[in-house]
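Undergrad: Below is a structure I'd like to ask you about.
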Amino acid sequence: MIQNNGRQKRKRKDSEDEQQSDCPEVDLGQLQVNTLRRYKRHYRIQTRPGLNKAQLVETIVRHFKSTPVTEKETLTYFIYMAKTHKSKFDQPTSRYHDSPT
């Protein structure tokens with residue numbers, strides 16, 4: 001007879017399972033190739049030239065999932081901007097922007 005001593009082995013969580021539960025899935029494959037290239041250029045992601053869309057999506061998903069986000073700060077900023085109806089496009093692009101008179 002085997003004695004258990006009240007101990008149970010804990011099932012080890014795979015790192016993939018942990019990432020999936022922390023991060024909602026975003027289907028970046030629905031974006032156009034030009035949008036994916038702009039994302040790659042904006043974040044200066046290094047890739048070999050001539051990637052097809054599937055390879056580009058795979059690279060960008062890895063980057064997207066590895067990007068840290070401070071949830072509280074992000075949500076606070078989003079709510080503030082939504083309530084004040086402001087957008088980054090509302091801001092003048094230049095110090096010398098002429099104001100309407």
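The values are calculated or read from the model by the stated rules, or taken from the named source; none is laboratory data. All values derive from a computational prediction rather than experimental measurement. Side chains included, ligands, DNA and RNA excluded: accessible areas come from the protein's heavy atoms. Shrake-Rupley method; radii C 1.70, N 1.55, O 1.52, S 1.80 Å.
Undergrad: What does the accessible area of Leu31 come to, in Å² to the nearest 10, when a probe of 1.4 Å is used?
TA: For Leu31, solvent-accessible area is about 70 Å².
Undergrad: On to the next question. So if each residue of separation counts as 0.36 nm, and I subtract the Cα-Cα distance between Asn52 and His85, what length gain in nm does that give?
TA: Working: separation 33, 0.36 × 33 = 11.88 nm, distance 3.82 nm.
Separation in residues times 0.36 nm, less the Cα-Cα distance, equals 8.1 nm.
Undergrad: Per-residue accessible area for Arg62 at 1.4 Å probe radius, Å² rounded to 10?
TA: Per-residue accessible area (Arg62): approximately 140 Å².
Undergrad: How large is the accessible surface of Leu51 in square angstrom, using a 1.4 angstrom probe and rounding to the nearest 10?
TA: About 30 Å², rounded to the nearest 10.
Undergrad: On to the next question. With a 1.4 Å probe and all protein chains in place, put Thr67, Thr76 in order of accessible area, largest first.
TA: Working: Thr67 55, Thr76 85 Å².
From most accessible down to least: Thr76, Thr67.
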